[in-house]
Every structure is written in structure tokens, then in C-alpha cells.
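Down below is the structure, laid out as C-alpha cells.
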Amino acid sequence: MGSPSYHDVQAGTEIAPRQYQVTRRDLVRYAGASGDFNVIHWNERIAKSVGLPDVIAHGMLTMALAGRYLTEWAGDPAAVTEFGVRFSSPVVVPDDDKGAMVEIAGAVTGKLDGNQVTVEITARSGDAKVLTRAHGVVRLT
């Protein structure tokens, strides 16, 4: 993604969607980095015993993918001045070489003072919307 210019975007400008693959290996690595070793993120038997369809990705990992999407679009992580999401469905990660695919898309919803824009983000995995009220404010050049 290139760095957009404040003057080149308008409310309604769509940001090209990106796909991010999440595998069980990614979950193990994220658990180590975050310190979140909850068994529902790595043990299928336990995940199913508590009513989940399978092992699920950490919610904060899903949020991080949306943040990555936004910073990649902005071209500079420091350009993101606000960012928030709500979790609506888990990302189910099967035990295979493919894992789960999370598709993230966005659109500029408004322009603010100081070369800032508001962005609405959508995140889906399969048929499920995995984030809701996902938004950010980005300062552009």
C-alpha cells in the first residue's frame, strides 16, 4: 500500500482489502509474545469442551491485524492517532497448513482538521464479521 495524501482522499474513498493468514503456528508465537497462554488458543479438546468450534485466535491478534492494515495504508505507524474495535466473532483456526484467512477492508468516512481522516474498518473470517465498530483516525501528509 502506498501512502495516501490528505488531498487525494474523500469521504467514501475505499481502501483496498488485504488478506492475512493466521495459522496455529502464529497462535503459538503470539502466545509467547503476549504471555496469553489460554488453552483455547492452542488446545482443540479444551476449546471444544467450552463450546467453541475449534481453537480460536487471540482477540488482540485479530485487532493487531486491523491495526497493521491501517498502518500499512497510512505508510507510518505514528500516523494512526486513534484506533479501536469491538470483537464480534472469534477467528476459528483449524489445525491444517492453511489456518484461517482474515480479510480486512476499509473506507475513509470523513475528513478532519489537521490533515486527519476517519476510517471505518471491516474484518471478516469466512462468513463471520470478526470485528465491529472498528475505526481509526489517521494523520496524512
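The values are calculated or read from the model by the stated rules, or taken from the named source; none is laboratory data. It should be emphasised that the depicted structure is a prediction, and the values quoted were computed from it without experimental measurement. Cβ placement follows ideal geometry from the backbone for every residue including glycine, while neighbour counts extend to all protein chains displayed. Each accessible area value is taken on the protein alone, full model and side chains, heavy atoms only, with ligands, DNA and RNA left out. Shrake-Rupley method; radii C 1.70, N 1.55, O 1.52, S 1.80 Å.
P90 passes all but one of (1) in a helix (DSSP H, G or I); (2) in contact (Cβ under 8 Å) with a residue 24 or more places away in the chain; which number fails?
The failed condition is (1).
Which residue is farthest from Y30 (Cα to Cα), if the candidates are limited to the stretch 93-113 and must be open to solvent by less than 50 Å² (accessible area, probe 1.4 Å) and in a loop (DSSP other than H, G, I, E, B)?
Applying the filter and picking the extreme gives P94.
Out of G51, G126, which single residue is open to solvent by less than 80 Å² (accessible area, probe 1.4 Å), at positive phi and more than 19 Å from the chain's Cα centre (by Cα)?
It is G51.
Give me the pairs, please: first residue somewhere in the stretch 36-65 and of a type in the set (D, E), second residue anywhere and exposed (fewer than 14 other Cβ atoms within 10 Å of the Cβ) and assigned to a loop (DSSP other than H, G, I, E, B), beta-carbon distance under 7 Å, and either six or more positions apart or on two chains.
Between residues of the stretch 36-65 that are of a type in the set (D, E) and residues that are exposed (fewer than 14 other Cβ atoms within 10 Å of the Cβ) and assigned to a loop (DSSP other than H, G, I, E, B), the close pairs are E44/D95.
Which members of the stretch 5-35 meet the condition of being among the basic types (K, R) and either in contact (Cβ under 8 Å) with a residue 40 or more places away in the chain or exposed (fewer than 12 other Cβ atoms within 10 Å of the Cβ) (or both)?
Once the filter is applied, which keeps residues that are among the basic types (K, R) and either in contact (Cβ under 8 Å) with a residue 40 or more places away in the chain or exposed (fewer than 12 other Cβ atoms within 10 Å of the Cβ) (or both), the stretch 5-35 yields R18, R24, R25.
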